[in-house]
Every structure is written in C-alpha cells, then in structure tokens.
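The values are calculated or read from the model by the stated rules, or taken from the named source; none is laboratory data. None of the values given here were measured: they were computed from a predicted structure. Please note: Cβ atoms are built from the backbone with ideal geometry, for glycine as well, and neighbour counts cover all protein chains shown.
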Amino acid sequence: MNSNNYPVAQQLTIPEAIRQAYAHWSAGQAAQAEQLCLRVLQVVPHQPDVLHLLGVMAHAYGKLDLAIEHLRKACLSPTAPAIYNSNLAEMCRQKGLLAEAEQAAHRAVEQEPQLVGAWSNLGIILQESGKFDASLECLQHVVALEPANHQAHNNLANTYKLLGRLDQAQTSYLDALALRPDYAEAHSNLAFLLSDLGRFDEAIVSAEKAIEINPQLADAYSNLTQIEMSRMRYADARRWIEALLAFAPQHAGALTARAQLLIKGEHQEEALTCVRHALTLAPDSANAYNVLGRALQALGQHDEAMLAFDRAIALPGTVAEEASVARASLLMETGNKEEALAAFDRALALFPDSLMVMTARADSKTYRSGDPDIALMEAALEQSIKPAINEQMNLHFALGKAYLDTGNSERAFAHLDQGNALKRATYQFDVVKTGAWMKKIAATFTPELMEKFGNAGAASVRPVFVLGMPRSGTTLVEQILASHSGIHGAGELSALRHAVDRAGAFPDDVAGWKHDDFARIGQDYLSRVANLAPDALRLVDKMPANFLHAGLIPLILSGARIIHCRRDPVDTCLSCYSKLFAGEQLFAYRLDELGAFHLDYQTLMDSLRKVLPPDRFLEVDYENVVDDLEGEARRLIAFVDMPWEDACLNFHQTRRVVRTASVSQVRQPIYATSKGRWRRHAAYLGPLLNALGIRPSASDAP
C-alpha cells in the first residue's frame, strides 16, 4: 500500500491533508496549515512537501534557521522538485551560507533547466560569492529567458557593476525601471551606481525615490548612508542609518554600516561593540569581519585585526580583495615591510591586475621607468568605460606618485591635478570661513586668559603633543621620541578633540569657562589616554590638527609639553597635494586653498607663539632635523625631560605602529631629497605659490 494513501485522520488521506495545508497557508490560516503538517509528519516523518511548506512558513515568520532545517530535510527526498532546492538556495543565501546555497541552486537548475527562478537565485549567489563572470553568464541567461522580467535586469545590472562595467550596469537598471517605474530596488541600486560615477546629487534623488516607494527598503537606507559617507557628510549618513535601525534594529548590514560610521568618527570601542553584534546575527558575513578588522586595527589590537581580515578573505563574498589590501597595509603599519610587500604580491596573485592592490601599494614602493604597474594603471584610466570615481582618484594619486618617483613632473601633475579635482568635487569646504575661525581662535587666547588660568589644568607631565601641518615632519619627530624606552608614541589620537567638543563650542565658550572647567577637560583627556601604555613616562599624541587647540593645552594640562613641527611651506603643501589622505584634510585638494590655509595656520601659530609658556613649547624645523639629526634629537629628548638614549638616532629601526601617510618614510634613515623638493616642480605650482606670496626664481625650473 502506498504511504501517501495512509489516512491522517479518519476523513483525510495524506495527499488531501497536504492539499488542505497548502490551501490554509494560501488563505492566511497559518495555524491550521501547521496543524495539518504536523499530523502528516506523525505518519510520514520525512514527507518532503510538508517539510517544504513548514520551511516556507518558518521563513515567512522570520525563523530562518528553522526554515533552512526544514528545507534541508525536504531536499533529501529524491522526489523533491527543483523549486525546493531553489528555495533552500535562497534561504541559505539570506543566512550567508553561500557555499551551500550555490550547491542547492546548481541542483535546482540541473533538475529543471527552464526554472527561471533557480537560475536567478544561482546568479545572485554567485554574485555575492565574488564569482562575477559565472554570475554574469547566469543572469544573462535569465534575461534571455524572460526579457520582460524587471528583476532580471536589475540583478544583471548588479553584476555588471561589480565587474566595473558601469555603463552596462546603468543601461540594465534603466531597462528595469522602464519595465516597472515604481521598482524601488532598482532606484536604490541605480543610486549607488550614480554615486560611483560621482553624480552624488542624482544618487540622493534616486535613493530617496526608492524610500518614497518602499519606506522599509533597507538597501536604500544603506546606500544613502554609503553615499553620504563617500562625500564626508557624516551627520546625514548617521541620520539614514539610524532611520533604518529604527524599523530594523537587528539588520546585520545596518549594524555593520553603523560601525563603519563610528570608526570614521573615531568612536572605536562603540564600533567594535556594534560590529560584533552584527556578527552574532550574520556569523558568516565577510563584510562584517572586514569592518571588525578595521575597528580592531584602530584600537591597536593588531593580532586580532589580522585574524579578522583573514576570516574576511576566507569567507565567500565580495570583500576579499579589500580585506587582502587591508591585511597588507596593516603589516606595513606594524613595521613588517617585507611581509607587507609579500602580502600585496599574494593579493595580486588572487586578484590579477587588481587596481585596488596596485594603488594601495604605491606608497610602499619606489617606481622605476617601465614599471608594468604604470602601464596597467594608465590603461585603466584610458578605457572608454571609466572605473568608479574612488578608483579613478586612487589611480591618479598612485600615478602621480609613480611619475614623481621617475622624475616626470609633467605627467605627475597631470595626474595629481585630476585626482585632487575629483576628490575636491566630493565635498564642500569654505577656506575663507575656516580662516575666520582660526582668527577667532587666535583672538581668544590672550595673555590675560593664559595668565589667569595658567595653573587651572590637570597637573600631568605625561602628555607630549606633536602638532603642526600634515606632512611637516610630525611623524618623524614622534618616531624619534618613541624610540626612547620611556616614551610611547600613541599616533594620531582624537582624544583632545573629543574632550573639547564635549565641553562646549570652541573657541566661543572658552571665555566663559572657569578653573574647574579647564581642569575637567584635562581630566577627561587623561582618562581617554590612560590605558595607552600606562607604564610609559611620556605619551606622544601626534595629531597634527591639535595646533588648533594649542592655546588651550596649557590651560587644561598644566604639565603637558607642545612640540610644533615646521617645514618649508611649499614643500609641506606639495607633500599634502600629492597624498590622498585616509582622514579628512579638506584644505588639501586645491593648490590655492592649500596656500590660503597654510597662511591662516601660520598666522594662528604666530599669535599663539607669543602666549604659550616657553618652557612647555618647542618648535622644531624639519630641515634642521635633516641637517643635524643628533643635535635636534638630543634637543627633543631634553625638552621632554628624559635621559638621552642612542636608540633615538636609529628611529627607522624602531618597531612600532605608524598609521599615517608617512608610514613608508619613517622606516628609512634620514634623507635630504625632500628638502627643497618643490623647486623641481615650480612650474606646476602656480596657484599655490601665488597664494603663499612666493615668486619662484629663474633656477626653479622643471
């Protein structure tokens, strides 16, 4: 007797019970459907149709683990139709189990080659696994089978985008929207593509259109967050991600994006908590592990960061290339240059001709004429289909560096000018307002204020602030100091800015502060750095932008020392202009703005120099350090009141983390080639020289 004819109850056979269960589910009667399914399983424990229905029901109620468990059992039956494997594939994809998802999807298309949904699922799974060529083949097949399927065009566009074929991606998104103008997902995806093309305002409009159509479309909020982050509008980015988390508090992707924002805002501990929460929800998320690695790296937990990057590389997904670069860059930061170069080579082996890898390693190598990287990077920019805007920026800066290395000023500045212009177009900055703000700071710190509150601050001799313009020698000075056994180089800390921001508006509120206010800010700062090398007698905080707070430092930390690093203004600005900074140096991407900012900085420091306590304030010129390393090093060590150690002369051998644009330079002995460097390129620096009021001499020729 066929088991399907066994009665579930006196009045129902199994086939009848299954039909009724599906009918109940279709009618929205979940309880009745589940009751019938359980009765069938009492008679036939592994009945595939019932297990499939239970899986679909569990999925609908957000019980993804239970849904996958039911579908796995259903698909074990040799009679299970292809749609069951296809549904299992999609549920595994949602869980991040991409390898199992791919296997199930392959089984589905082998069983039923005309099952469009299975091909579509397979294409999306391959896309998320980073197998873009295979994904493209699948999704082109889907479009061929169903040319009027708007979802198929959208999915195909996503793969085109990941392959860097941005024009074809845009065409496919527009095809999807032509078929269905109210297709929210396509509006959202088009927004992200427009952002890659540098069309930010259009991108915002498209993403907001997606949310207008579907207010709970998570991807649209995530895309808006990424778009606003890419143009450094972090308040707007926070607004969008918080809006998403308001209705989807357990959305792993949203939590990961929030962690990225927190890292940008230098709230590393909070970022760590956030991304770890994301990983409890999506334990196999390669993107979350990559962000975890960055949070750990920022906190100085380098071994743990390396493990996180390794996990991100090993997991299926689309971030393995980025995580490989992050891993190699971490090795460079920690002083393992040979290992770092080998890691870049391994990354190129995994991702042949990767532009991301080539541009990331540009600072770690010295280019020679004929370097194959140069030709590959030039070719990428000459293609009719341009790379994404961020990739273009990276390429231009890397090629600018390459041509500076090879002595070709004309080609170097052709690329640097383009790279800087692309970057400058992504954000808003008013150099005049910034200059006015610096003048207000200078006016705040009067001799009377300094005398009145000179002893108000927390009395600690541990902090040493190394500050000045970026690229002025701050990293070199910190490295000399940190080579001393009693001095810890803490890198670029945000602790002072956070402590000041917490106290009120700067500098507007300073005039109203009392003794206790200054002391409280100082104690706040000390608490933020207390766990950094607590046994070190001196702690070097090398945040260049702390020059803005240099007048405040003696009032909040009466024992702190300030070292102001100076360098030839044109050399400093040229060095800034040749770097695509990881942090926000908004003044650095136009030569005229660079010059104006430098003049305002000089004016501020000229004012502060008159009021800062001379026994707590030292100025060091980069050129003097180059000419007389020992003399200047001894002067630095004496200033921070520490006994001399010869290790300070061998700073390039000191193994410590360096997280700045100067990471490669401080791994080398002192060299004089960067002194007066600008004169070789004077013909290309007109707007900068004009802003600084400098007339190049006849000998300053390219």
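Residue pairs whose Cβ atoms lie under 8 Å apart, sitting 6 or more positions apart in sequence or on different chains, and linking a residue in the range 312-325 that is under 14 Å from residue 349 (Cα atoms) to a partner that is of a type in the set (D, E, K, R) and surrounded by 22 or more Cβ atoms within 10 Å (Cβ to Cβ), are 313/327. Just one of the numbered conditions (1) over 20 Å from residue 575 (Cα atoms); (2) outside any helix (DSSP H, G or I) is not true of residue 367; which one? Here residue 367 clears every test but (1).
Consider residue 437 against the criteria (1) within 30 Å of residue 193 (Cα to Cα); (2) free of Cβ contacts under 8 Å to residues at least 60 places away in the same chain; (3) part of a helix (DSSP H, G or I): it satisfies all of them except one. Which criterion is unmet? It is condition (1) that residue 437 fails. Of the numbered criteria (1) free of Cβ contacts under 8 Å to residues at least 24 places away in the same chain; (2) surrounded by fewer than 18 Cβ atoms within 10 Å (Cβ to Cβ), the one residue 79 fails is (1). Give me the residue from the range 647-702 that is modelled with pLDDT of 55 or more, surrounded by 15 or more Cβ atoms within 10 Å (Cβ to Cβ) and hydroxyl-bearing (Ser, Thr, Tyr) and, out of that set, farthest from the chain's Cα centre (by Cα). Step by step, filter the range 647-702, then rank; the result is 684.
Among the conditions (1) modelled with pLDDT of 95 or more; (2) buried (at least 19 other Cβ atoms within 10 Å of the Cβ); (3) over 25 Å from residue 324 (Cβ atoms), the only one that residue 121 does not satisfy is (1). Every listed requirement among (1) of a type in the set (Gly, Ala, Ser); (2) free of Cβ contacts under 8 Å to residues at least 40 places away in the same chain; (3) under 29 Å from residue 99 (Cβ atoms) is met by residue 164 save one, (2).
The set of residues in the range 454-463 that are hydrophobic (A, V, I, L, M, F, W, C) and either surrounded by fewer than 17 Cβ atoms within 10 Å (Cβ to Cβ) or closer than 15 Å to residue 608 by Cβ (or both) comprises 459, 461. Contact map, the range 233-262: residues that are buried (at least 22 other Cβ atoms within 10 Å of the Cβ) paired with residues that are of a type in the set (Ser, Thr, Tyr), Cβ distance under 6 Å, separation 6+ or inter-chain. Pairs shown: 237/225; 240/221; 240/225; 241/225; 244/221; 257/222; 257/225. Residue pairs whose Cβ atoms lie under 6 Å apart, sitting 6 or more positions apart in sequence or on different chains, and linking a residue in the range 514-537 that is in contact (Cβ under 8 Å) with a residue 24 or more places away in the chain to a partner that is in a helix (DSSP H, G or I) and β-branched (Val, Ile, Thr), are 518/556; 521/556; 522/556.
The residues of the range 299-325 that are of a type in the set (Gly, Ala, Ser), surrounded by fewer than 21 Cβ atoms within 10 Å (Cβ to Cβ) and under 18 Å from residue 582 (Cα atoms) amount to a single one, 300. Got at least one residue in the range 82-93 being touching a Phe, Trp or Tyr at 6+ places or on another chain (Cβ under 8 Å) and within 30 Å of residue 134 (Cα to Cα)? No, the range 82-93 contains no residue that is touching a Phe, Trp or Tyr at 6+ places or on another chain (Cβ under 8 Å) and within 30 Å of residue 134 (Cα to Cα).
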